[in-house]
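Engineer: Below are the structure tokens for one structure; questions will follow.
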């Protein structure tokens, strides 16, 4: 195949990719709460480890095409090691097409671990937005290159279907079984972390959530 044929194909491919990218408008909005969750790999010259993130985000006001946010809570896993969010902030760029997150998380000993990731919007749907992230995590003097595929969801879009949750007379009744927060009963359990003399930073994380409309009451039994 001659270069006269290859060149138009490359140009056409670039135009198609550009149009596809421009049509992918992010749904990250100001002054709202979101969940960013995903999984991927952490790579060094000697090893490849599995890694996951689960962050609760709160966005602030929008300034031009930028918007800052804070990671209020969450965790990062690296194989069997768990790291709790201590100081993570981020910026959404170009109306949410790009996301930058940086700061520190803490290991079980309270030692700080550096995390820096940069994400690109892949696609939106009614269920949320998919982002691809790359970056670096430094732990015990070793730097890992990390790659994530993540889902960004607004908290108002997250619903749960559970036989232990019933609704009647305009109320939501949540039944909490004895021992529900015992360690080992759920794959999402992360043990509490205490750093020095500081207060408890994290206890039990659950992936189950409910959304309610304004004016609805919740009864815990």
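Engineer: Just to be sure before I move on: is residue 83 at pLDDT 95 or above and over 19 Å from residue 33 (Cα atoms) in the structure I sent?
Structural biologist: It is true that residue 83 is at pLDDT 95 or above and over 19 Å from residue 33 (Cα atoms).
Engineer: Okay, moving on. Can you pull out the residues in segment 55-68 that are in contact (Cβ under 8 Å) with a residue 12 or more places away in the chain and in a strand (DSSP E or B)?
Structural biologist: At the first step, the residues of segment 55-68 found to be in contact (Cβ under 8 Å) with a residue 12 or more places away in the chain are 55-62, 65-68.
Answer for segment 55-68, where residues must be in contact (Cβ under 8 Å) with a residue 12 or more places away in the chain and in a strand (DSSP E or B): 55, 56, 57, 58, 59, 60, 61, 62, 66, 67, 68.
Engineer: Would you pick out the residues in segment 1-47 that are loosely packed, with under 10 Cβ neighbours inside 10 Å and either under 24 Å from residue 115 (Cα atoms) or at pLDDT 95 or above (or both)?
Structural biologist: Scanning segment 1-47 gives 45, 46.
The values are calculated or read from the model by the stated rules, or taken from the named source; none is laboratory data. Everything numeric here is computed off the predicted structure, so don't read it as measured data. No Cβ is skipped: glycine too gets one built from the backbone with ideal geometry, and neighbour counts run over all protein chains shown.
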